[in-house]
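Read the figures in this text as sums done on the coordinates, not as results from a lab. This is a predicted model, so every value here is computed, not measured. Positions of Cβ are backbone-derived with ideal geometry, glycine not excepted, and every protein chain shown enters the neighbour counts.
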Amino acid sequence: MAYTEKTRGIYSEILTGLKEAGLFKQERYIHSSQSADIEVEFPTGANLKKVINICANNYLGMSSHPEVVKAAHAGLDSHGYGMSSVRFICGTQDIHRTLENMVTRFLGTEDTILFPSCMDANAGVFEAILTKDDVMISDRLVHASIIDGIRLCSAMHDTFKHSDMEHLEEKLQLHNDKRLKMVITDGVFSMDGDTARLDKMAALCEKYDALLFMDDSHASGFIGKTGRGTHEKCGVMGQLDIITTTFGKGLGGASGGCVSGRRELVEMCRQKARPYLFSNTIAPPVVAGVIKVLEILSASTDRRDKLERNTEFWRKGLTDAGLIIKEGDTPIVPVMLFNAKLSQNVSHDLYEEGIYAIGFFFPVVPQGQARIRTQISAGHEIHHLEKALEAFKKVGKKYDILGKTKAEIIEMYGM
Ligand SMILES: *Cc1c(COP(=O)(O)O)cnc(C)c1O
């Protein structure tokens, strides 16, 4: 097959179009391990620069925690580098089952099955459990991986307006004749940092005899009094039927994910979920690392408590400085700038001040809601956050947005 100039031209044109529209994603190279202080290279020329990272999913600072690194080394030595097989042939070690049992205890569920990633868990779980006689009713802001999983499933799909419980109830009534109804939500929503109204959802699911599914990737390990997740925070431990989550964020930051929940539903995934059946599972050193993470988090709430204090300090600091943030109490703290170009400029200037945070704009967030999404970590010390606040104040002053209302900022810069 010839890769002709014509073929090349088709793709060059698309890629150029992305660049012209300002939608081209340019990656930066980190030369250090992932932590509060990183060394970054922009491939577009600039030299290596030491900056403070405030946009990682490293919520508990576990990505390069010495004990976790040590445990991963030990796992490499005892169980090798990789499995060269999927789980059901010869790809299951004792440590894979140990980790599954630990996750079950940690999340307060009945059983757990590991997946190569949470993306894979979400891609496989719906079609393993539901059929064309069933309906999936999802919040309109669920994560992209859930949307893909829904696409791969033959059950009917409907949505409800973000966190709108009246709308959800209407949809549950509308679909009451289905064999099974499944309500689908994120625990903490990644773009706004808001929390699903799980207590209300659990009550509605009870009333209408529906299953409740939550993806808790942005909460596992640190949301709730002992870090079990959004179900702990909302007082509905044990009431969710399926929880999916990732080991790539708070729970270590490496990779891997899982489906945790009702015994039969987990077993259905083991029998039928395609990303589980046809893809290698988590590599032994990573399994050993996640086991250590769960040991650390089960023994003490120090890390999630520190994260909570850091988050309060950060939210108060930004608000006192006169910046507009999305209300809430999670470590995802979006600083609202509304205008796309302004978000890019602020991100650029913050970088010059030694602070690494990325501007998000349409289509990642709705039109007119451009922002810098900051994410706080237990790996941050107060001096990191103070320096970042100073930078936000300096840059905010330059663009004259401190103490301004949303309307005033939009008047100056447009949507
Ligand atoms: C990050 C994320 C995922 C994907 O997790 P991976 O394990 O990296 O595939 C899935 N769902 C949500 C809500 C996420 O935030």
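Quick notes on this structure:
- Of the trypsin sites (Lys or Arg not before Pro) found in the range 328-376, none is in coil by DSSP with at most 15 other Cβ atoms within 10 Å of its Cβ.
- Computed from the Cβ-Cβ distance with R0 of 51 Å, the FRET efficiency linking E39 to K132 stands at 0.45.
- Axis angle, to the nearest 10 degrees, between helix 284-299 and the longest C-alpha principal axis of the chain: 80 degrees.
- Restricting the chymotrypsin sites (Phe, Trp or Tyr not before Pro) of the range 1-104 to loop positions (DSSP other than H, G, I, E, B) with no more than 11 neighbouring Cβ atoms within 10 Å leaves Y3, F24, Y81.
- Divided by 2.2 N^0.38 Å, where N counts the residues, the Cα radius of gyration of the range 66-299 comes to 0.98.
- Label-to-label distance, N280 versus S298, with points set 7 angstrom from Cα along the beta-carbon direction: 2.7 nm.
- Extension gain for L15 to E386 (0.36 nm times residue separation, less C-alpha to C-alpha distance): 129.6 nm.
- Each of L297, G256, I223 was placed along the dipole of the range 177-304 (beta-carbon charges, centred on the mean Cα), and the one lying farthest toward the positive end is G256.
- Residues K70, K249, K306, ranked from the fewest to the most other C-beta atoms within 10 Å, line up as K70, K306, K249.
- Considering helices alone, the calculated mean residue ellipticity of the chain at 222 nm is -13000 deg cm²/dmol, with DSSP H runs of length four and up weighted by -39500 (n - 2.57) and normalised per residue.
- Label zone (Q271, point 7 Å along Cα-to-C-beta; backbone nitrogen cut-off 13 Å) within the range 107-141: 128-130.
- Count of Lys pairs (Cα-Cα under 14 Å; at least 8 positions apart or interchain) in the range 66-299: 9
- Placing pseudo-labels 7 Å out from each Cα toward the beta carbon at L48 and D329 gives an inter-label distance of 4.2 nm.
- The charge dipole of the range 55-115, taken about its Cα centre with unit charges on the Cβ of Lys, Arg, Asp and Glu (plus for the first two, minus for the last two), comes to roughly 80 debye.
- Each peptide among 101-107, 281-287 gets the average number of other Cβ atoms lying within 10 Å of its residues, and from highest to lowest they stand as 281-287, 101-107.
- Pair L402, S154: separation of 7 Å Cα→Cβ label points (nm): 6.2 nm
- The fewest-to-most ranking of M268, M214 by surrounding Cβ atoms within 10 Å reads M268, M214.
- Put in line by how crowded their Cβ is, counting other Cβ atoms within 10 Å and starting with the fewest, D94, D120, D329 read D94, D329, D120.
- Cα extents of the chain along the three principal axes, largest first (Å): 59, 58, 55
- Dividing the radius of gyration of the alpha carbons in the range 141-272 by their Kirkwood radius gives 0.94 for Rg/Rh.
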